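**Q** Mind having a look at this structure? Questions to follow.
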Amino acid sequence: MITGVGIIALVILLGVLSHRQSRFEERILKNVPLSDWFVGIIVPVLLYLGWFIIIRNISGRPSVDIFPLDDIDVLVLTILFIVYGFVGNGMHFTSKIIGRYLKAGKHDKVYKVTEMFHGKFSHYLTHLNGLFIGFMLAIFEINHPLVYPLSRNYLLAIVTLGVILGLSAKRSVFYTNEWFGGFNKPIFYVASLLDVVLFIILKIFNMKIVFYSVYFFITVTFTSFIGTFVFRQIYIFMRLSEKRKLRFLAKIFSF
């Protein structure tokens with residue numbers, strides 16, 4: 001299991017690093033920057049490999065009857081989210097490359113349509129489905145607890161990988177510092193809701209987290225993902241003038 005979550009955490013980290021390195025943007029292969037080849041083609045394959053390893057590990061454990069959904073139900077829903085996540089990633093890859101060479105002005109329809117797919121549409125598909133895939137992985141494990149509790153070293157490794165993934169996801173999803181920038185609010189609300197649901201399920205079914213390695217990994221990831229953004233917002237808020245603080249709060253509580 002640690003191999004699967006390790007692949008996912010490190011691939012997302014490398015994807016963020018490659019996307020933010022100008023030299024990868026400047027190196028062109030077949031008219032496409034290397035960073036886009038990596039994020040658009042290699043990252044999805046490696047993420048699927050990590051997911052597959054985790055599913056194989058969980059399904060090989062003894063089954064118990066705790067959560068009402070069958071394994072097949074959870075897997076079908078997860079595969080649906082994977083498909084839409086891949087669609088969003090492919091849409092972003094294609095529209096970004098087209099936009100790179102598009103000579104149209106910002107008021108031309110072809111530019112607006114390209115930016116629609118390059119912007120929020122593809123990002124929402126990719127990021128939201130990524131959250132749901134992680135959530136469904138945790139749900140899938142409920143009926144397949146570990147036979148023996150996790151050791152302290154194993155727990156530490158999971159926390160480390162979960163924090164790495166959470167911080168990396170924060171850097172890729174929340175692409176601006178402002179609460180109201182881009183698609184920060186909707187993604188934040190969805191991630192927070194899913195994290196709360198996972199904690200509620202843990203309490204309702206009286207689950208011991210030391211018997212759920214993947215569940216623990218996903219909750220750590222979601223919590224670090226949400227927590228780092230909240231702390232960043234508090235830091236920004238404290239540095240604002242009184243007038244801008246009121247505007248900042250108004251943006252937070254507006255829908």
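**Q** Which of (1) modelled with pLDDT of 80 or more; (2) of a type outside the set (Lys, Arg); (3) surrounded by fewer than 19 Cβ atoms within 10 Å (Cβ to Cβ) does Asp195 not meet, given it meets every other one?
**A** The failed condition is (3).
**Q** Moving on to the next point. Please state which of the following conditions Lys203 fails to meet, knowing it meets all the rest: (1) at pLDDT below 95; (2) crowded, with 19+ Cβ neighbours inside 10 Å.
**A** (2)
**Q** Can you name the condition, by its number, that Leu14 falls short on among (1) over 19 Å from the mean Cα position of the chain (by Cα); (2) among the aliphatic types (A, V, I, L, M); (3) within 28 Å of Thr160 (Cβ to Cβ); (4) at pLDDT below 90?
**A** (1)
**Q** What pairs come up if the first residue lies in the range 72-86 and is in contact (Cβ under 8 Å) with a residue 24 or more places away in the chain and farther than 17 Å from Ile53 by Cα, the second is in a helix (DSSP H, G or I) and among the small types (Gly, Ala, Ser), and their beta carbons are under 7 Å apart, counting only those six or more places apart or on different chains?
**A** Close Cβ pairs satisfying both conditions: Gly85/Gly130.
**Q** Quick one: would you say Phe225 is under 18 Å from Met136 (Cα atoms) and at pLDDT 95 or above?
**A** no
**Q** Okay, moving on. Go over the candidates Ile66, Ile12 one by one and state the one that is more than 17 Å from Ile97 (Cβ to Cβ) and touching a helix residue (DSSP H, G or I) at 6+ places or on another chain (Cβ under 6 Å). Explain how you work it out, then say what you get.
**A** Working: Ile66 fails: touching a helix residue (DSSP H, G or I) at 6+ places or on another chain (Cβ under 6 Å).
Of the residues listed, the single one that is more than 17 Å from Ile97 (Cβ to Cβ) and touching a helix residue (DSSP H, G or I) at 6+ places or on another chain (Cβ under 6 Å) is Ile12.
**Q** In the range 72-124, what count of residues is obtained for those that are closer than 20 Å to Ala138 by Cβ and either of a type in the set (Phe, Trp, Tyr) or at pLDDT below 85 (or both)?
**A** So the count comes out to 2.
**Q** Quick check on my filter: what residues within the range 49-105 are out of contact with any Gly (no Cβ under 8 Å at 6 or more places or on another chain), surrounded by 19 or more Cβ atoms within 10 Å (Cβ to Cβ) and small (Gly, Ala, Ser)?
**A** Gly88, Ser95
**Q** When you go through Phe81, Phe86 one by one, which is the residue that is more than 30 Å from Ile204 (Cα to Cα), within 21 Å of the chain's Cα centre (by Cα) and not hydroxyl-bearing (Ser, Thr, Tyr)? Even if it seems obvious, please write down each step before you answer.
**A** On the way: Phe81 fails: more than 30 Å from Ile204 (Cα to Cα).
Every option except Phe86 fails the conditions.
**Q** Pairs, please: C-beta under 6 Å, at least 6 apart or cross-chain, first residue among the charged types (D, E, K, R) and in the range 91-112, second at pLDDT 75 or above?
**A** Qualifying pairs under 6 Å: Lys96/His118.
**Q** Only one of (1) out of contact with any His (no Cβ under 8 Å at 6 or more places or on another chain); (2) free of Cβ contacts under 8 Å to residues at least 60 places away in the same chain is not met by Leu146, so which one is it?
**A** (2)
The values are calculated or read from the model by the stated rules, or taken from the named source; none is laboratory data. Nothing here was measured: the structure is a model prediction, and the numbers come from that model. In this analysis, Cβ positions are derived from the backbone assuming ideal geometry, glycine residues included, and neighbour counts consider all displayed protein chains.
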